[in-house]
Structure formats: C-alpha cells, structure tokens
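One structure, as structure tokens, below. Some questions next.
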Amino acid sequence: MPDHIVARVVAWYDANARDLPWRRPITSPWGVMVSEFMLQQTPVERVREPWARWLERWPTPGDLAASPSGDAVRAWGRLGYPRRALRLHGAAVAITERFGGRVPDDLDDLRSLPGVGSYTAAAVASFAYGRRAVVLDTNVRRVLGRVAAGEAYPGAAQTRAEVAVAETFLPDEPALAARWAVASMELGAVVCTARAPRCDVCPVIDVCAWRQAGYPAWAGPPRRGQSYEGTDRQCRGALLAVLRGSDEPVAHDELATAWLEPVQRERALASLVTDGLAVRTGADDPRWSLPG
DNA sequence: GAGGCGTGGGG
DNA sequence: TCCCCAAGCCT
C-alpha cells in the first residue's frame, strides 16, 4: 500500500510542484541549508526575498563565518525567531572549522550543528544530497496521520510510532526516497493543509483513512494557541527591532521608549544578552547593540 | 516533555 | 476582528 501511495504522490508532485528557488538544481547544499533554517516556523512566501539576499551576500558557509554574528541577526530582518540567525551563523562557523567549509551530508554530522535537529538534518541530506532519510515535518506528519491513521491532526509531540510509519513509506532507492520526501511535504503544504484541505485535488483521496472514516474531528487534547500579546517574546521582539534598526549602539532610553514597562523590559533585555542577541557596550555610558 | 521562542498573513 | 498557524529547535 505505501508503495502505491508513494508513486501517486510523487507523480502528483512532478506535475504540480511549486517553483521554489531553493529547489532548483543549481542551488548549493548551503543554499538548501539556509532555506531550511529560514523555513523553520516561517511561511514560504516570507522566505523568498531574504533567502535570495542572504545567498547573494554569503554564497558559502565560509563567507558567513567571516562576518560578525550581529550582521546575520540584522540580515535576518523580521523573519522571526532571531536565535535561528545566530544558530545559522554558528553552523557556518562549525562547517568551516570542522568540515572544511563543506555542508555535511551525514545525518549525525548535520545534527552536530547548532540549530539542526532531526528534521533539518534529514531535509538537508535528502534535498541537497539525494540521500535516503525520513523527512518528518509538520506537513508529512499531518499527511501520514490522515492517510494512514485517519486522524485530523498529529499530536503535539512526534512519537516513535509516527517515525515507524514514516519508515514504511520511505522507498529503498535513495533517489525515489528523496522525491517522496519533498513530494509528501508539498502535498501537506498545498493540498492536505491544516485549515481547509483540498481533498478534491488530492491524488490519494481514495485510500485516505481520514476520508474513509468520514473526516472525524480532532479528538485529542485542545491545540492551545500561543498567546503573544504582552509576553516576553513580544517585548524581546520590540527591543531587538530597535537594535536591528540602528547602525550605532543605542542608549537605554531608546529601549525604554520601545517598551515602557520596566520590569519586563529589563528581564527581556537580560535574556537577549544571555542568548547572545544583544551586547552591552560602554563603561560609564552604557549602550546596547547587536553582537559583533 | 512541556514551554519558550517572533512575526505576519489568511480564514 | 480574532484566532490559528507556518519546512522546529533547545532546555
């Protein structure tokens, strides 16, 4: 059964794939890795421009490693989760120092890099090098959960059982495995979506367990939305936006303007320093900036 | 293993 | 409008 589903999804992908720049054959493994970092929790359409500018400026890991980490944070712009920029910079340094400037193709080597977890390691190995790897992201988890398990949504945490199911779908031949990986992700991204799935154009609707069960609603624990208004995250974002927008270190008063409540502001600022996203400069006249 | 971590767009 | 969510990672 999995073989049949794989064949249909891959055929669907061949006819319907979006033209995303990081999927083009000329894209380097480094370009693929940069896209994977940027796409962690950030929609495709918001990544296109920053990705192109990033690779123009830093065509290789060595180029990024030679720049200050603060430049990476500034170039990250408003993609969100700016610690990813710091980790991508750290990954570039590690690739330069430990792997001769070449993005690794081995899963364990990839996972040893900052910001690279099981998903990103598998994605780079598969998309950049055509290796056989279980690429299990939120899209694939949802697709397999619906098609194979008949459930509307995957649970909050990835389980061993899910990985085992994904293994049964993964073709033996590396090239086909890589095509399946990108195709199953694409299906989840544009057809088998979380909100309003387009089952009318789904290539595997006739074998979908979720459909056969009558599209049962999600029966698990309520999917709690992440609150944001008034959180430290919002405060950190406001403070970091000030640092990003200034070429010179900024005085504390400027940060105070960006976030009025002092207790939360100081807590957030301290956490930014702890994370390496902000540094304090100046002895008698303290100022703040992105890291050097 | 649950919670923290940005930001903006679409239903 | 408001809520949900978008190719996760780390502690």
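Of all residues being without any contact (Cβ under 8 Å) to a residue 40 or more places away in the chain and hydroxyl-bearing (Ser, Thr, Tyr) in region A:41-80, which is surrounded by the most Cβ atoms within 10 Å (Cβ to Cβ)? Just the residue, please.
Here the residue is A:THR42.
Restricted to region A:206-228, and to residues that are outside any loop (DSSP other than H, G, I, E, B) and open to solvent by 50 Å² or more (accessible area, probe 1.4 Å), which residue is farthest from A:MET185 (Cα to Cα)?
Ranking the qualifying residues of region A:206-228, first place goes to A:GLN212.
Same structure, new question: Given (1) surrounded by 17 or more Cβ atoms within 10 Å (Cβ to Cβ); (2) within 11 Å of DNA strand B (Cβ to nearest atom); (3) more than 18 Å from A:ARG74 (Cα to Cα), where does A:ARG265 come up short, assuming only one miss?
All conditions pass for A:ARG265, except number (2).
Among helices (runs of 4 or more DSSP H) lying entirely in region A:1-95, which contain 3 or more residues that are among the aliphatic types (A, V, I, L, M)?
A:2-16, A:29-39, A:44-57, A:69-76
Related question: From A:GLY237, A:GLY276, grab the single residue that is at positive phi and crowded, with 16+ Cβ neighbours inside 10 Å.
A:GLY276
Oh, and also: How do the pairs read when you match residues in region A:178-192 that are over 10 Å from A:ALA17 (Cβ atoms) with residues anywhere that are part of a loop (DSSP other than H, G, I, E, B) and of a type in the set (D, E, K, R), using Cβ under 6 Å and keeping only pairs 6 or more apart or on different chains?
A:VAL191/A:ARG198
Please work out if A:ALA213 is of a type in the set (A, V, I, L, M, F, W, C), out of contact with any Ser or Thr (no Cβ under 7 Å at 6 or more places or on another chain) and either touching a residue at least 40 places away in the same chain (Cβ under 8 Å) or under 22 Å from A:ALA122 (Cβ atoms) (or both).
So A:ALA213 fits the description; yes.
Mind counting the residues in region A:177-188 that are closer than 12 Å to A:ARG8 by Cα and among the aliphatic types (A, V, I, L, M)?
Total meeting the criteria: 2.
Within 15 Å of DNA strand B (Cβ to nearest atom) and either within 29 Å of A:SER126 (Cβ to Cβ) or over 25 Å from the mean Cα position of the chain (by Cα) (or both), is that true of A:TRP180?
no
Go through region A:162-173 and report how many residues are open to solvent by less than 60 Å² (accessible area, probe 1.4 Å) and part of a helix (DSSP H, G or I).
Residues meeting the conditions: 6.
Can you tell me which residue within region A:27-40, out of those that are polar (S, T, N, Q) and open to solvent by 10 Å² or more (accessible area, probe 1.4 Å), is nearest to DNA strand C (Cβ to nearest atom)?
Looking at residues that are polar (S, T, N, Q) and open to solvent by 10 Å² or more (accessible area, probe 1.4 Å), I get A:GLN40.
Restricting attention to region A:175-198, which residues are open to solvent by 10 Å² or more (accessible area, probe 1.4 Å), within 11 Å of DNA strand C (Cβ to nearest atom) and of a type outside the set (A, V, I, L, M)?
A:CYS192, A:THR193, A:ARG195, A:PRO197
So, one more: Do you know which of the residues in region A:97-108 that are at negative phi and open to solvent by 60 Å² or more (accessible area, probe 1.4 Å) is farthest from DNA strand C (Cβ to nearest atom)?
A:ARG102
What do you reckon, is A:ALA121 among the aliphatic types (A, V, I, L, M), outside any loop (DSSP other than H, G, I, E, B) and within 16 Å of DNA strand B (Cβ to nearest atom)?
no
Residues being among the β-branched types (Val, Ile, Thr) and in contact (Cβ under 8 Å) with a residue 40 or more places away in the chain: count how many of those fall in region A:96-113.
1
The values are calculated or read from the model by the stated rules, or taken from the named source; none is laboratory data. The structure displayed is predicted, hence computed values, not measured ones. With ideal geometry, Cβ positions are generated from the backbone for all residues, glycine too; neighbour counts draw on all protein chains shown. To get the accessible areas, we keep the full protein, side chains included, count just its heavy atoms, and leave off ligands, DNA and RNA. Shrake-Rupley method; radii C 1.70, N 1.55, O 1.52, S 1.80 Å.
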